[in-house]
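Beneath this line is the structure, given in structure tokens, with notes to follow.
Just so it is clear, none of the values below were taken in a lab; they were calculated from the coordinates. Small disclaimer: the values here were computed from a predicted structure and weren't measured. Cβ: placed from backbone, ideal geometry, glycine included. Neighbour counts: every protein chain shown.
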Amino acid sequence: MMTRRQMLGCGFGSLGLAGTLQAGGAVTTHHAAKAKHVIFLFLNGGLSQVDTFDPKPELTRRDGQPLPGPKVKTDSATGNLMRSPYEFRKCGQSGIEVSEIFPRVGSLIDHFAVIRSCYADNGNHGPSLMLMNTGHQLAGRPSMGSWISYGLGTENRNLPGFIALCPGYPVMGPRLWSSGFLPNPHQGTYVPNSEKTPEKLVQFIRNEKLTVPEQESQLRLLDRLNQIYLGDGKAQPKIASAVESMEVAFRMQMEAPTAFDVDKETPETRTRYGDTDFGRGCLLARRLVERGVRMVQVYFGNSQPWDSHEDIRSHKGLAREADPAIASLIEDLKSRGLLDQTLVIVGSEFGRTPMIQSAGQLRVNQGRDHNVFGFTTLLAGGGIKGGITYGNTDEFGLRAVEKRVHPHDLQATVLHQLGIDHTRLTYRYSGRDFRLTDVGGLVLRDVIT
């Protein structure tokens, strides 16, 4: 019979896969895992696929002409087709074409599977962000990181299993890393990576009034009181969750200051990633994965920085920050033997139209509207085939037409690489069993090794 203390010692996440807790606290999975960690680099706002990873020669040829066929309804009014202002080049041994604004990622494209046929359900940022992050358009569902933490637990009891990095808040804010109805310890821990010192990155990490031995004594007293209260053996999950959260917070004092201190990296390393919020976020993601954090999500910036309604040329400046950070992360994971066990995702909540946006009071009229019909997501590491493209949009890059990929399919694939059958990772709540992929989701078997 496992005691409550033993259960807490193993971590609630290790109980997520029913029946898999074994002697010694080891966790087995539904099938052999090819990845142990996930890093999701979220370019919030809407990365334009036709300007980055999905070149369309026909869009160039028909620049300025109307889109053939009936008028397409998007979030705002759009005009004629607009070619990309950027040149594409064949990269790597695979020859995959990548925009000139992502030169370093292009040099590493043989590590990536380029999913060119993604689509979503809603043209507004909020619902699409929720869908990509939680599997549902409405708030209240657990995030993917929370499901992963619940299913697998953490490899480092001194750090949270799921950490979300953003200099401020993206649209929808903390709801994107919420644990929803899952136990509280699986909530994403928010860290503002605009700060540079560990004390500001993780505020209140040290207790200024109590020493470590005094805190240990306090926790022992609280634990004893809880044991007395739970003496009848009746399950009290809310109390157990609160205790686990306090214990993680206490243990973080030992490891978090070092984990979040990027000054321990060489100046050359920090320069490679870039002295930007996103650069620091990617560097922190690598440091956290090295220390056993199960999932790290790095949002590019506050609000929706890639939302280029007025001028798609702004993508060049954004890519100037994203490109070296993404590439340095891949390079470092590979050189440290971590890329094989870390699944890296690069993507947005949706893409952008191949037509020019023509509505509203635009100071510059060279932008693109939201596009949920077709966009691109990149996958690398963690058992993903590199140097391939998967699926296609139409000749203009508007709609996914071949091997269409819904966010639930991406989520099912991520869980599969972690050794989890997405249909079996469920949680009973409000009279029904819930899962990350709702009632959908197909594993993209053509992109996995």
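The table that follows gives values for the structure above.
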| read-out | value |
| --- | --- |
| Angle in degrees between helix 237-259 and the longest Cα principal axis of the chain, rounded to the nearest 10 | 70 degrees |
| Debye equation applied to the C-alpha atoms of segment 34-162, log10 I(q)/I(0) at 0.14, 0.16, 0.19 Å⁻¹ | -0.89, -1.05, -1.21 |
| Anisotropy class of segment 81-156 from Cα gyration tensor, a/c 1.5 cut | oblate |
| Ordering of 338-350, 114-126 by burial proxy (mean other Cβ atoms within 10 Å per residue, highest first) | 338-350, 114-126 |
| Karplus (6.51, -1.76, 1.60) ³J(HN,Hα), θ = phi - 60°, over segment 115-121, in Hz, Gly and Pro reported as x | 8, 9, 10, 6, 8, 10, 10 |
| Rounded tilt (10° steps) of 407-417 against the dominant C-alpha axis of the chain | 50 degrees |
| Sorted by Cβ neighbour density within 10 Å, fewest at the top, the residues Glu58, Glu265 | Glu58, Glu265 |
| Order of Val212, Val447 - criterion: other Cβ atoms within 10 Å of each residue's Cβ, fewest first | Val212, Val447 |
| Neighbour-count order for Tyr429, Tyr390, Tyr150, Tyr169, fewest beta carbons within 10 angstrom listed first | Tyr429, Tyr169, Tyr390, Tyr150 |
| Net +/- balance of residues flanking Pro407 in space, Cβ distance below 11 Å, scoring K and R +1, D and E -1 | -4 |
| Rg and Dmax [Cα atoms of the chain; Å; Rg one decimal, Dmax integer] | 22.5, 76 |
| Order by protection proxy (mean Cβ within 10 Å, highest first), peptides 49-55, 289-295, 434-440, 65-71 | 49-55, 289-295, 434-440, 65-71 |
| Using alpha-carbon coordinates, inclination of helix 212-229 to the longest axis of the chain, degrees | 80 degrees |
| Ranked packing of 299-307, 220-228, most packed first, by mean Cβ within 10 Å | 299-307, 220-228 |
| Sum of side-chain charges, Ala32 neighbourhood, beta-carbon under 14 Å (Lys, Arg +1; Asp, Glu -1) | 0 |
